[in-house]
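Just so you know, all these numbers are worked out from the coordinates, no wet-lab data involved. The structure presented is a predicted model; accordingly, all values stated were derived computationally and were not measured. Cβ atoms come from the backbone with ideal geometry, glycine included; neighbour counts cover every protein chain shown.
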Amino acid sequence: MSTERRHPNVINADEIEPTECRQGKFHVKSRPLARHAGNQQLGAQLLELAPGERAFPLHYHCANEEACYVLSGRGTARIGECRVPIRAGDWIAYPIGPEHAQKLVNDGDEPLVYLCLSTKHKCEIVGYPDSNKVGVVAGPSFENPWIREIHRLGESLPYYEGEPDAQE
């Protein structure tokens with residue numbers, strides 16, 4: 001990996017140490033290109049899935065739109081209830097909302113490498129249909145949020161619950 005930067009707004013993927021997220025069959029290597037190049041309102045990551053692995057659980061966004069461009073390999077994109085074969089050269093749009101819930105699986109025999117782009121609204125709610133969860137994040141950045149919570153759907157408190165001045 002190179003340590004010398006040509007310009008603060010220019011980064012090469014080989015200048016970013018990949019991070020790995022692993023849990024069971026979920027295992028993805030990612031390089032956050034946009035953050036390292038200084039983007040404020042766009043997210044971009046270069047992601048790699050080994051054969052048989054999945055990137056993230058089935059989820060949908062309520063604020064941030066995403067898209068993926070497949071650079072190499074093959075796999076399956078789950079979009080809502082549909083399962084669609086994908087390959088190099090495919091653009092996959094993930095608008096907001098439950099009907100566009102997304103999950104990528106590498107069911108091929110070589111690494112699946114793709115570029116994921118997104119808007120970066122700082123307040124986001126994410127639904128997880130397979131596990132009946134909801135995630136909430138808000139703050140100055142996703143790396144340093146004020147709030148980051150994941151809960152099961154269906155539990156809701158009354159608006160004034162626990163408020164000291166709401167006692168009668």
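Give, in nm to one decimal, the length gained when the segment between PHE56 and ASN132 is fully stretched (0.36 nm per residue of separation minus the Cα-Cα distance).
Working it through step by step, the gained length comes to 25.9 nm.
Suppose each label sits 7 Å from its Cα in the direction of the beta carbon; what would the ASP14-PHE26 distance come out to in nanometres?
3.2
Using a Förster distance of 22 Å, how high is the FRET efficiency between TYR69 and ASP109, based on the Cβ-Cβ distance and rounded to 0.05?
Approximately 0.55, to the nearest 0.05.
Between the stretch 87-129 and the stretch 35-62, how far is it from one alpha carbon centroid to the other, in angstrom?
Answer, in whole Å: 7.
In nanometres, what is the gap between the two model label sites at ARG87 and ASN144, each 7 Å from Cα along Cα-to-Cβ?
In this crude label model, ARG87 to ASN144 measures out at 4.6 nm.
With +1 on the Cβ of every Lys and Arg and -1 on the Cβ of every Asp and Glu, and nothing else charged, how large is the dipole of the chain about its Cα centre, in debye rounded to the nearest 20?
My answer is approximately 560 debye.
With unit charges on the beta carbon (Lys/Arg positive, Asp/Glu negative), name the residue among GLN102, LEU117, ALA34 whose Cα is farthest towards the positive pole of the charge dipole of the stretch 13-121.
It is GLN102, whose Cα lies furthest towards the positive end.
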